[in-house]
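Okay, so here's the structure we're looking at.
The values are calculated or read from the model by the stated rules, or taken from the named source; none is laboratory data. The shown structure was predicted, so the numbers you read here are calculated from the model rather than taken from an experiment. All Cβ positions, glycine included, derive from the backbone under ideal geometry; neighbour counts span all protein chains shown. When the accessible area is computed, the model is the full protein with side chains, heavy atoms only, and any ligands, DNA or RNA have been set aside. Shrake-Rupley method; radii C 1.70, N 1.55, O 1.52, S 1.80 Å.
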Amino acid sequence: MGKGSGYGKVILFNEHFVVHGIPAVASAIRLATDAIVKRLDSGSGITIHDERMGTEGYSEAKREHQREALERMMRMMGVNTSKMALDVTGGGELPTFSGIGASAANCVAVARGVSDEFGMGLPDDRINEIAYEGERAFAGNPSGIDNTAATYGGLVWFKRGEQNVIERLKIKQPVEIVMGNTGVVANTKEVVAGVRERKEKYPDKYSKIFKEAEELVHRARKALEDFDLETVGEYMNQNHAQLQAIEVSSEVLNRLVDIARDHGAPGAKMTGGGRGGCMVALTPGKDLQETVAQAMEKEGFVALRTTIG
Ligand code: PMV
């Protein structure tokens, strides 16, 4: 029996823009997905047992993507499941919300579980490459930021390129955040494709927004490293407006963002693929975190209290 795990993540700046080569900042969160991989004595194929908790309908909606992801990863790892049967069980504390990196965490956990079961001893860099291959099933042409945060943890600066740039960012101490869940399962692949289409259709408008997002993330990195949380929050608000402008937010996400700001969060934005899924509010200090989370819960949303950095 092999075991593995992968962290959940939150994108703090520039989801979507990152697909097109603009730098982004993400942080792993403390919660992780686990996978147990078992080789069976007879039979063939992969049997998936999904014991993760989260948004209703998530596992069903993602089942085909998940199967494809596992098949892609097995091929890359040289595990021939037409000749051998594997049982893969997913569990752990990370809820299956859209926008929290559940798919990437799952890919990383399974890659590590397979490596463990077959005694491959794969290093993190290889696990990250394999998880990226799995992520392609969920996101089409993903940037790679999700699997990178899921593999290495911590706060990362990520820029897609022929050779991805991955830099660890250090902040003075972890900061409380609240992730509000819309309860809507989003299809990242479709939302990413929609941005590409609109970018081609409205080149002037989109290149202006993309340029602003690029300038913003460099300033945001500095504010994070200086631990200037008020400014980080202000930049998160600006980033949310840019994401609204490329039409990847939604009414419910905007509502959650408003609740967070109205209750004192210095910054709040949608996070991940958008059009559903989650948003993130920066809520330094346990008291503010609790106030914001409770305000969301009072309106019937699920709020996750965790930290970045
Ligand atoms: O919704 P999530 O958690 O899968 O995040 C997707 C992030 C995007 O930037 C929209 C896509 C990508 O590949 O980076």
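Worth pointing out:
- Residue within the range 118-140 that is in contact (Cβ under 8 Å) with a residue 60 or more places away in the chain, within 16 Å of the ligand (Cβ to nearest atom) and outside any helix (DSSP H, G or I) present: no
- Test: residue in the range 226-241 that is surrounded by fewer than 22 Cβ atoms within 10 Å (Cβ to Cβ), within 14 Å of the ligand (Cβ to nearest atom), in the same structural domain as Thr291 (by TED's automatic domain parsing) and not small (Gly, Ala, Ser): no
- Within the range 28-50, the set of residues being open to solvent by 30 Å² or more (accessible area, probe 1.4 Å) and closer than 30 Å to Phe158 by Cβ comprises Arg30, Leu31, Asp34, Ile36, Ile48, Asp50.
- Any hit, the range 175-188, residues being under 18 Å from the mean Cα position of the chain (by Cα), crowded, with 16+ Cβ neighbours inside 10 Å, charged (D, E, K, R) and at pLDDT 95 or above: yes
- The set of residues in the range 262-288 being open to solvent by 30 Å² or more (accessible area, probe 1.4 Å) and closer than 23 Å to Ile209 by Cα consists of Arg275 alone.
Listed here are the residues, each with its yes/no results for (1) under 21 Å from Gln163 (Cβ atoms); (2) within 21 Å of the chain's Cα centre (by Cα); (3) modelled with pLDDT under 95.
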site: Met1; (1), (2), (3): no, no, no
site: Leu12; (1), (2), (3): no, yes, no
site: Val18; (1), (2), (3): yes, yes, no
site: Val25; (1), (2), (3): yes, yes, no
site: Arg39; (1), (2), (3): no, no, no
site: Arg52; (1), (2), (3): no, yes, yes
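- Subset of the range 89-108 [outside any loop (DSSP other than H, G, I, E, B) and either touching a Leu at 6+ places or on another chain (Cβ under 6 Å) or within 15 Å of the ligand (Cβ to nearest atom) (or both)]: Thr96, Ala102, Ser103, Ala104, Ala105, Asn106, Cys107, Val108
- Verdict on Arg112 being open to solvent by 10 Å² or more (accessible area, probe 1.4 Å), more than 16 Å from the ligand (Cβ to nearest atom) and in contact with a strand residue (DSSP E or B) (Cβ under 6 Å, 6 or more places away or on another chain): yes
- Scanning the range 60-88 for residues that are over 21 Å from Pro142 (Cβ atoms) and surrounded by fewer than 18 Cβ atoms within 10 Å (Cβ to Cβ) yields a total of 9.
- Residue list for the range 22-70, filter: in a strand (DSSP E or B), within 16 Å of the ligand (Cβ to nearest atom) and not hydrophobic (A, V, I, L, M, F, W, C): Ser27, Thr33, Gly54
- Of all the numbered requirements in (1) more than 24 Å from Cys278 (Cα to Cα); (2) buried (at least 20 other Cβ atoms within 10 Å of the Cβ); (3) out of contact with any strand residue (DSSP E or B) (no Cβ under 7 Å at 6 or more places or on another chain), Asn128 misses one, and that requirement is (1).
- Residue selected from the range 298-309 under the condition over 19 Å from the mean Cα position of the chain (by Cα) and under 21 Å from Ala186 (Cβ atoms), by the criterion least open to solvent (accessible area, probe 1.4 Å): Phe301
- Scan of the range 5-21 for residues that are open to solvent by 10 Å² or more (accessible area, probe 1.4 Å) and more than 9 Å from the ligand (Cβ to nearest atom), ordered by number: Ser5, Tyr7, His20, Gly21
- Among residues of the range 137-174, those that are surrounded by 18 or more Cβ atoms within 10 Å (Cβ to Cβ) and of a type in the set (Lys, Arg), counted: 2
- Exclusive hit being among the charged types (D, E, K, R), more than 16 Å from the ligand (Cβ to nearest atom) and touching a residue at least 60 places away in the same chain (Cβ under 8 Å), set Lys286, Lys199, Lys222, Lys211: Lys286
- Count of residues meeting criterion [in a helix (DSSP H, G or I) and within 8 Å of the ligand (Cβ to nearest atom)] in the range 141-154: 2
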